[in-house]
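A.B. asks: Would you mind keeping the following structure in view while I ask a few things?
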Amino acid sequence: MLDILRRGNAYKNTRAVLSGGRTSIICFQDGREVEFIRIQHRQLHSKYHHHYYHHYHQPCRRRGRFFSSSTSSSSTKKSLSTEWTVDGETGIVSHQGTPRYQTLLGLEIHAQLDISTKLFSGCAVKASGSSSSSSIHNYKPNTSVFPLDMAVPGWLPRLSQEAVHAGVLSAAALHCDLPPVSRFERKHYFYADLPLGYQMTQQRWPLARNGVLHCQRPSNQKKKRNNNKNNKNAIASSSSSSSATFSVSIDRIQLEQDTGKTILATNPRTQQKESLVDFNRAGQALIEIVFAPELTSPVDAATAVETLRLLLKHIGSCNGKLEEGSLRCDVNVSISPIDDNLEFGDSSLSQQQQLLLERAGNRVEVKNLNSLRQIQEAAKYEAVRQAQAAFQRTPTAQETRTFDAKTGRTIVTRTKGGAKDYRFMPEPDLPPLVLNANVLDGMTVTEFISARLPELPQDARERLQRDYGLSDYMATVIVGDPPAIAMFDEAMQVALSQLTDGDDTTQQQQQQQQQLQRQKSKISEAIANLLCNELFALVREFETRRLIAEGHLDAAGTTSVQFSKITGTQLGNVVVLLLEGTMSNTMAKQLLRVLYEGHDELQDVEPRQVASDRGFALITDPAIIEELCRKVIAEHTDELERYKLGGKFAKKITKFFLGKAMAASQGNAHPERLNEILMEVLEDIAPLED
């Protein structure tokens, strides 16, 4: 409480309002409300107020945008000047078309680890792999809490080994250095969703350091090569944006506990809005991934977040659901002036960024962005706002803001404090975390990573393209769903074993290698088409309701072949039938649907047998096809006479007979053989003159 009063005294005017058993402290600065704090009366009188949260929901302080219009600053209502623009792909902020500032962005990602317990309390939570509810978000409010989560005295923390494993794998996937020893510490601050009054984190002794994230820009992203022709001092963001890939450094990765979740709701008795706290999330395991401020483009910032989201989802450490808050993003935004007085010369890109950082203004942190669009919009708005303020010689302060998605603006929530304001101290109840055999299931760090880390997305994409000749699009779609990679490999193994010759004599080695590569290309293309176009669609069609109920289907509607009732072996056998010429592509699709719908009865039946029983077989017998052609021609004597005229009539009528013959076979005639035999029959019945 004393800390709150000191903060209030730091402002020119502070007003306390007493109502309904609560005290509201409103702080003013330069005529505008900058902070609003609501606390319980009992918190004023209790030395250990943060230990007493007995009710399911507790009103908490609310800040910034919850003030009435009568006391809001008029400046927040004004739109930013249209004279200022920012290029989302380069981060260049221009005034009336003239580049003035370069945007500098840093990311802080909080990823909720997809494990079965909370970080320190041992309270069970359901991970996304669970057969029932997929996450803590499916629990009723305040029903998944242990005494430690609620700061009940007498309970000590115990670090989850599962969280350490997930953190180590995440760090390895991001190419980080893993110190043998890391330590926990307390980060003190008061907020209603933090019962302990401090957060257990690893600010100074993190789990991992010095990583890098490799990103690939979307293929449809517009390239900006000539935007800054007339400005020799603009950082090489325009040239970098024309590159297909970019990398961003990671400063550190730290394990820490999550806070409770605040919910804005209407009190049914008073009809007033109140902030309620759900402590189900309190104490859940997080990794905070802190990026170096190397990004200069809002588009690249969103790309980096999406790349990281897919990577963590790929290795299984986080389910990556932005809409549920499983992955939350804070963006640090600052601007640096670019003018003719700043010479880069032949300096490297890192040196250029360092020069810009030295000239950058105060950093503003925009917190809790939960979509890629919000990341871009918040970064662009904040860059323009800071540029306009700096141009008017009223530079922004170092502060924390939130993004209002409805208005597209950032709103100040509090001034930004330094590390000393959090009063960091070593955690006395936890020993140092040593990455040894006791922690890593009897393995060293290297052995653990080698045994547990799956193939990374970039490696898998390159392998699929290199070994099987898949297009970049198909490889990207398959890699986007890790279980699809395993299914593709399984189907390829089955199909290759049946469609290729295993003989590999020395004399025929080169010829057979070329033939094998051609076969691989045909097989992989067929498998990829059925997997990406048909099997994904079948999973969405038949599993959507169940997946939504269990929380496996995200807001974008994307799902996984993890839930498919068709196995990779079945898919490979269907492709064998297709490439053998036993069935058409349409039949293969129909067979997949039959296998999916009749999974319970047909799971032990070979696809070849199912195809035979259902009549999914092409007619390849020359005698049957010839009889079919002669019958069709005999039924259309007028068209035959027109065919005899030759020229364009012959070509047109040939297509007519081909369509009729295929229809007569109910689409089961082999297309190539039907065409060949039809031409032979026509030559026999009505030979044309050369």
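The values are calculated or read from the model by the stated rules, or taken from the named source; none is laboratory data. These numbers come from a predicted model, not from an experiment. Ideal geometry is used to build each Cβ from the backbone, glycine not excepted, and the neighbour counts take in all protein chains shown. Heads up: the accessible areas ignore ligands, DNA and RNA and are worked out on the full protein's heavy atoms, side chains in. Shrake-Rupley method; radii C 1.70, N 1.55, O 1.52, S 1.80 Å.
A.B. asks: Any residue in the stretch 559-581 that is over 21 Å from Ile619 (Cβ atoms) sitting within a Cβ distance under 6 Å of a residue that is surrounded by 22 or more Cβ atoms within 10 Å (Cβ to Cβ) and small (Gly, Ala, Ser)? List the pairs, counting only those 6 or more apart or interchain.
C.D. replies: Between residues of the stretch 559-581 that are over 21 Å from Ile619 (Cβ atoms) and residues that are surrounded by 22 or more Cβ atoms within 10 Å (Cβ to Cβ) and small (Gly, Ala, Ser), the close pairs are Val561/Ala484; Gly568/Ala491; Leu571/Ala491; Gly572/Ala491; Gly572/Ala495.
A.B. asks: Right, here's the next one. Are there any helices (runs of 4 or more DSSP H) wholly within the stretch 569-662 with 2 or more residues that are open to solvent by less than 80 Å² (accessible area, probe 1.4 Å) and within 16 Å of Glu534 (Cα to Cα), and if so which?
C.D. replies: 585-597
A.B. asks: Right, Glu689: surrounded by fewer than 18 Cβ atoms within 10 Å (Cβ to Cβ) and closer than 23 Å to Ser584 by Cα or not?
C.D. replies: Spelling it out, it is not the case that Glu689 is surrounded by fewer than 18 Cβ atoms within 10 Å (Cβ to Cβ) and closer than 23 Å to Ser584 by Cα.
The rows are residues; the columns are (1) loosely packed, with under 13 Cβ neighbours inside 10 Å; (2) within 19 Å of Cys215 (Cβ to Cβ); (3) in contact with a Lys or Arg (Cβ under 9 Å, 6 or more places away or on another chain); (4) modelled with pLDDT of 95 or more.
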| residue | (1), (2), (3), (4) |
| --- | --- |
| Tyr468 | no, no, yes, no |
| Val479 | no, yes, yes, no |
| Ala491 | no, no, no, yes |
| Leu496 | no, no, yes, no |
| Leu499 | no, no, yes, no |
| Gly502 | yes, no, no, no |
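A.B. asks: Of all strands (runs of 3 or more DSSP E) completely enclosed by the stretch 146-224, which ones contain at least 1 residues that are in contact with a Gly (Cβ under 7 Å, 6 or more places away or on another chain)?
C.D. replies: It comes to 185-188.
A.B. asks: Kindly check whether there is at least one residue in the stretch 278-288 that is touching a helix residue (DSSP H, G or I) at 6+ places or on another chain (Cβ under 9 Å) and under 24 Å from Glu377 (Cβ atoms).
C.D. replies: No, the stretch 278-288 contains no residue that is touching a helix residue (DSSP H, G or I) at 6+ places or on another chain (Cβ under 9 Å) and under 24 Å from Glu377 (Cβ atoms).
A.B. asks: Hey, among Arg269, Arg281, which residue is closer than 25 Å to Ala151 by Cα and either modelled with pLDDT of 90 or more or open to solvent by 30 Å² or more (accessible area, probe 1.4 Å) (or both)?
C.D. replies: That would be Arg281, the only listed residue that is closer than 25 Å to Ala151 by Cα and either modelled with pLDDT of 90 or more or open to solvent by 30 Å² or more (accessible area, probe 1.4 Å) (or both).
A.B. asks: Follow-up. So, in the stretch 238-264, of the ones that are of a type in the set (Gly, Ala, Ser) and free of Cβ contacts under 8 Å to residues at least 60 places away in the same chain, which residue ends up surrounded by the most Cβ atoms within 10 Å (Cβ to Cβ)? Spell out the reasoning first.
C.D. replies: Looking only at the stretch 238-264, we keep the residues that are of a type in the set (Gly, Ala, Ser), and these are 238-244, 247, 249, 260.
So of that shortlist, the ones also free of Cβ contacts under 8 Å to residues at least 60 places away in the same chain come out as 239, 242-244, 247, 249.
On the way: Ser239: 15, Ser242: 17, Ser243: 11, Ala244: 12, Ser247: 11, Ser249: 13.
Among them, the one singled out is Ser242.
A.B. asks: Of the residues that sit in the stretch 399-440 and are among the charged types (D, E, K, R) and in contact with a strand residue (DSSP E or B) (Cβ under 7 Å, 6 or more places away or on another chain), which one is surrounded by the most Cβ atoms within 10 Å (Cβ to Cβ)?
C.D. replies: Arg401
A.B. asks: Let me ask something additional. Could you list all residues from the stretch 453-473 that are within 16 Å of Pro218 (Cβ to Cβ) and assigned to a helix (DSSP H, G or I)?
C.D. replies: Pro457, Gln458, Arg461, Asp472, Tyr473
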